[in-house]
Amino acid sequence: MKLLTGLGKKKDIREKKEQGPGTQELSPRMKFLMGITLFSMFFGAGNLIFPPYLGAQAGTNAWAAFAGFAVSAVGLPVLGVIAVTVSGGLSTLASRVHPKFAFVYIAVLYLAIGPCLAIPRTASTSFSMAAPPFLPESVPEAPVQLLYTLVFFTAASLVAMHPEKLTEYLGKKLTPVLLLLIVVLFAAAVWNPAGPAADPAPAYESLAPVEGFLYGYQTMDTLAALNFGMLVAINVRERGIREEKAVTKETLSAGWIAGALLLLVYAMLTFTGRLSSSAFPGTADGTEVLIYMAQFLFGKAGAVILAVIFVIACFNTCVSLLSCCGKYFCGCFPKISYRQWVWGFAAISMVLANAGLEAILKFSVPVLNAIYPMAILLIVLALIHKAAARFPRIYPLAALFCGVSSVLTVLDQQGFVIPGVTALLGMIPAYEAGFGWLLPTAAGAALGIILDIKHEKKE
């Protein structure tokens, strides 16, 4: 017992020394660990499969497409972390529109990226890579998947019980292994290329950066960014940082480091996919690209490498989302403890991962498409808040126009025809490209400015 106590004290002393001069600044090593932790929160299954498929589809235009992808898949999430951090939290930021809007929007956001979509997908996607390739044909998948998801969500929930320790669990232990395996895959692809880059698919023949931007838009990391900053701040405070300015500074630093890591990893995966474009044409998605490349480079061992990569990436994201959802709903409904929220969300996610994920996906994806433009709007308003604060009506009116146009667009995409409205949607500039909400949102912001100027003149 004395030995264990002594080791614990030595560890505490070592971590305090790592904070560098003063107690309100993290050491370079700890800053990097915070950045790795935030990177691990972002980097899930979707982040693994989108870049290689982009490279395979874009072929010789891969880097032009990657430039657009980087803006939406790296730039916007980093800006999201910055926006929420400098605003004092997502609730504070969304409340600038209206307190009731903040409650409803944030609840929908958490449910959409949590137990209704992203959390169940972490288990189902990692299972598809970790179990079926190794199961005998005579063994049914359903009971194996049930056992896998039970173990997966139990382990994730246990780690999520200590959100202040995510740097210890994710940053120090799991993510370095993940990064090492991705580097090994990339290095092998460079050393033994499958073939030259093929001609780009029709979608990437012209305006490849625009297509890449739209593809990165689908990662939905901007939504997650509005929540993950809170977890980073918790872990910063756990290291002894108490002054809010210092917490903000360290959280922003983690955001930039995570963004740099995302950019680097995405570039490696895009390059790997680019080399597969001529050797393995006709791949259906990024998962197939990685499977073919791993088998080509490592043979049977490639399946093991991919399984470990997917399980770690999905586990990290699952833990982060359980922590975010638990923290938020515990704050809204404190009679239910954080522990109960986490276990409850894990149980719901386990059921969906085994029973009805496809149906949930059909429902959830339109919901995500409806709320994503609002997330971008909130980020932009947070970054220009000093200038926009003079015109408080910008927030509610821009949000109203953005929300209505986004919902109408989703209804149109789902085949719902609204007489006199649906036909007008196609006339909005950039509507077909997926940006039909931009002009209405700008109109709402302009209307807010005009009304505030008139109000000032009356006074």
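The values are calculated or read from the model by the stated rules, or taken from the named source; none is laboratory data. Computed from a predicted model, the values in this text were never measured in an experiment. Please note: Cβ atoms are built from the backbone with ideal geometry, for glycine as well, and neighbour counts cover all protein chains shown. Ligands, DNA and RNA are stripped out before the accessible areas are found, and what is left, the full protein with its side chains, is counted by its heavy atoms. Shrake-Rupley method; radii C 1.70, N 1.55, O 1.52, S 1.80 Å.
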Residue within region 67-90 that is modelled with pLDDT of 90 or more, more than 28 Å from residue 387 (Cβ to Cβ) and not aliphatic (A, V, I, L, M) present: yes
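Looking at 368, 424, 408, which is the one that is in a helix (DSSP H, G or I), open to solvent by 20 Å² or more (accessible area, probe 1.4 Å) and at pLDDT below 85?
Details: 368 fails: open to solvent by 20 Å² or more (accessible area, probe 1.4 Å); 408 fails: at pLDDT below 85.
Criteria check complete, one pass: 424.
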Leading residue by the ranking (nearest to residue 370 (Cα to Cα)) among those in region 225-242 that are in contact with a helix residue (DSSP H, G or I) (Cβ under 9 Å, 6 or more places away or on another chain) and open to solvent by 10 Å² or more (accessible area, probe 1.4 Å): 230
Selection from region 385-405 of residues that are open to solvent by less than 20 Å² (accessible area, probe 1.4 Å) and closer than 12 Å to residue 436 by Cβ: 402, 405
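Considering only region 187-197, state which residues are surrounded by fewer than 20 Cβ atoms within 10 Å (Cβ to Cβ) and in contact with a Phe, Trp or Tyr (Cβ under 9 Å, 6 or more places away or on another chain).
Initial filter on region 187-197 (surrounded by fewer than 20 Cβ atoms within 10 Å (Cβ to Cβ)): 187-188, 190-196.
Matches in region 187-197: 188, 190, 192, 194, 195.
Just to be sure, is residue 415 open to solvent by less than 20 Å² (accessible area, probe 1.4 Å), modelled with pLDDT of 80 or more and either among the polar types (S, T, N, Q) or assigned to a loop (DSSP other than H, G, I, E, B) (or both)?
Working: open to solvent by less than 20 Å² (accessible area, probe 1.4 Å): no; modelled with pLDDT of 80 or more: yes; either among the polar types (S, T, N, Q) or assigned to a loop (DSSP other than H, G, I, E, B) (or both): yes.
Criteria not met by residue 415.
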Count - residues of region 312-340 that are surrounded by fewer than 21 Cβ atoms within 10 Å (Cβ to Cβ) and either of a type outside the set (Ser, Thr, Tyr) or closer than 30 Å to residue 194 by Cα (or both): 10
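Tell me, please, whether a residue that is closer than 20 Å to residue 280 by Cβ and modelled with pLDDT under 85 can be found in region 213-230. I'd like the intermediate steps shown before the answer.
Start the filter on region 213-230 by keeping residues that are closer than 20 Å to residue 280 by Cβ, which leaves 215.
Now drop any that are not modelled with pLDDT under 85, which leaves 215.
Yes, that holds for at least one residue.
Which ones in region 259-296 are hydrophobic (A, V, I, L, M, F, W, C) and open to solvent by 30 Å² or more (accessible area, probe 1.4 Å)?
Start the filter on region 259-296 by keeping residues that are hydrophobic (A, V, I, L, M, F, W, C), which leaves 260-265, 267-269, 271, 275, 279-280, 284, 289-291, 293-294, 296.
Listed by number, the residues that qualify are 260, 263, 264, 271, 279, 280, 284, 291, 296.
Does residue 203 fit the bill of being part of a loop (DSSP other than H, G, I, E, B) and either modelled with pLDDT under 85 or over 19 Å from the mean Cα position of the chain (by Cα) (or both)?
Details: part of a loop (DSSP other than H, G, I, E, B): no; either modelled with pLDDT under 85 or over 19 Å from the mean Cα position of the chain (by Cα) (or both): yes.
No; evaluated as a whole, the condition is false for this residue.
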Every pair of residues 6+ apart whose Cβ atoms lie under 7 Å, when the first sits in region 211-233 and is under 19 Å from residue 108 (Cα atoms) while the second is open to solvent by 10 Å² or more (accessible area, probe 1.4 Å) and among the charged types (D, E, K, R): 230/327
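So, of the residues in region 427-452 that are aliphatic (A, V, I, L, M) and closer than 14 Å to residue 394 by Cβ, which turns out to be most open to solvent (accessible area, probe 1.4 Å)? Write out each step before concluding.
First, pick out the residues of region 427-452 that are aliphatic (A, V, I, L, M): 427-428, 430, 433, 438-439, 442-443, 445-447, 449-451.
With the extra rule that they be closer than 14 Å to residue 394 by Cβ, the set shrinks to 442-443, 445-447, 449-451.
Values: 442: 56, 443: 48, 445: 25, 446: 46, 447: 68, 449: 57, 450: 85, 451: 67 Å².
The qualifying residue most open to solvent (accessible area, probe 1.4 Å) is 450.
Within region 350-363, identify whether any single residue is under 25 Å from residue 89 (Cα atoms), open to solvent by less than 60 Å² (accessible area, probe 1.4 Å) and out of contact with any Ser or Thr (no Cβ under 6 Å at 6 or more places or on another chain), and answer yes or no.
Just the residues of region 350-363 that are under 25 Å from residue 89 (Cα atoms), to begin with: none.
No: zero hits.
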Pick from region 22-66, criterion open to solvent by 50 Å² or more (accessible area, probe 1.4 Å) and hydrophobic (A, V, I, L, M, F, W, C), ranking: farthest from the chain's Cα centre (by Cα): 63
Helices (runs of 4 or more DSSP H) within region 87-184 that include 2 or more residues exposed (fewer than 15 other Cβ atoms within 10 Å of the Cβ): 99-113, 141-160
Residue 381 vs. criteria at pLDDT 90 or above and either crowded, with 17+ Cβ neighbours inside 10 Å or assigned to a loop (DSSP other than H, G, I, E, B) (or both): yes
